[in-house]
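Okay, structure first, notes after.
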Amino acid sequence: MVKAVRPYLEKLTGTYTSNIVLWPVAMLALYTPPGPAPEQHSRYVVSSIPTDFQDDKLFNYGLQVLQLGMMLMQLNDTEHEGDGERSLINWKMLMLYFRCRPRGMKYGYEAMRFITCIKALYSEKTSHRILHGQFVNASGGEGKNYVNDLKMEHCIQDNKQSMRAMRGNKTLKAVQRASSSSYGQKEFCIHFDKECHIPPDSTHNTQACTTEDVRAMTMILQQTKPFVFQAGRKLHSFPHISKSPLDKLDVALLHSWLTNHKLKLFSGEFKLIEESADEEGTGDGEDHDDGCSSEEHDLN
């Protein structure tokens with residue numbers, strides 16, 4: 001076997017021997033002593049910006065705009081596609097965003113309660129109906145879904161129009177009859193307008209040309225360069241802005257908060273639980289990135 005492969009090995013490695021095949025050192029599996037151990041926090045580094053540099057508030061503002069803008073695009077796309085599974089992922093992210101601000105605690109609790117009910121408390125059938133019943137597609141087609149609450153608002157508006165036409169002749173029986181027939185009246189009006197070739201009312205606002213606005217925004221971005229790190233830049237409107245809204249998230253407090261409320265939900269206490277005073281004061285007045293005090297926000 002060695003004699004058969006020896007010519008090929010000699011040509012490949014450039015080493016000619018009689019009986020022993022000598023391999024180059026680079027092709028041998030030699031033991032290499034480990035180098036210096038990396039720092040413990042090296043795997044948690046998410047930015048190449050040195051930590052000892054002075055912070056750049058304008059750069060932080062740009063990062064938050066990108067992060068929150070992508071989150072908003074994700075919410076809109078989830079609604080248009082009617083994706084229930086992705087909406088659950090969005091609720092998890094929203095729960096973290098709400099928990100980062102003291103005034104969003106009750107919204108964070110509602111997000112946590114929704115996720116807990118879907119994943120653990122409700123039956124599989126009920127969870128599927130709630131998760132995928134958040135959206136409705138009235139006209140059909142891909143990407144034309146919208147939230148079920150908006151459809152309900154349209155139905156309520158139709159009921160109001162029917163009852164408004166009765167004026168002073170409103171009785172309980174008449175209101176019940178008008179409410180139950182509002183859908184039929186709406187469909188009758190749609191088909192009547194279609195047979196008479198009456199165009200439907202426009203559902204979109206008139207959009208002006210945005211070329212000049214885009215050009216002005218581009219010039220501002222080229223001048224300020226918000227996505228290029230420059231140490232020491234300040235923002236008057238957001239003096240305490242960080243790189244991400246999640247920077248203020250206390251993971252240990254979040255874990256204890258989730259454990260406590262999940263146990264209470266499992267025991268049947270579905271009533272909204274008031275947050276303690278220490279949780280409400282976690283911001284210590286630095287929660288408002290726009291530099292305004294809590295009194296000024298209350299006045300607004």
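The values are calculated or read from the model by the stated rules, or taken from the named source; none is laboratory data. Everything numeric here is computed off the predicted structure, so don't read it as measured data. Methodologically, a virtual Cβ is constructed for each residue, glycine included, from the backbone with ideal geometry; neighbour enumeration extends over all protein chains shown.
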Looking only at region 193-212, and only at residues there that are at pLDDT 85 or above and assigned to a loop (DSSP other than H, G, I, E, B), the one that is surrounded by the most Cβ atoms within 10 Å (Cβ to Cβ)
Ile198
Among the numbered criteria (1) among the charged types (D, E, K, R); (2) surrounded by fewer than 10 Cβ atoms within 10 Å (Cβ to Cβ); (3) over 30 Å from Ser267 (Cα atoms), which one does Lys125 miss?
(3)
Complete set of residues in region 144-171 that are touching a helix residue (DSSP H, G or I) at 6+ places or on another chain (Cβ under 9 Å), without any contact (Cβ under 8 Å) to a residue 24 or more places away in the chain and hydroxyl-bearing (Ser, Thr, Tyr):
Ser162
For the list (1) at pLDDT 50 or above; (2) surrounded by 10 or more Cβ atoms within 10 Å (Cβ to Cβ), I need the number of the one condition that Leu272 fails.
(1)
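Here's the yes/no breakdown for (1) farther than 25 Å from Leu254 by Cα; (2) hydroxyl-bearing (Ser, Thr, Tyr); (3) surrounded by 15 or more Cβ atoms within 10 Å (Cβ to Cβ); (4) modelled with pLDDT under 95:
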site: Gln54; (1), (2), (3), (4): yes, no, no, yes
site: Phe59; (1), (2), (3), (4): yes, no, yes, yes
site: Gly62; (1), (2), (3), (4): yes, no, yes, yes
site: Thr78; (1), (2), (3), (4): yes, yes, yes, yes
site: Glu81; (1), (2), (3), (4): yes, no, yes, yes
site: Glu85; (1), (2), (3), (4): no, no, no, yes
site: Ile89; (1), (2), (3), (4): no, no, no, yes
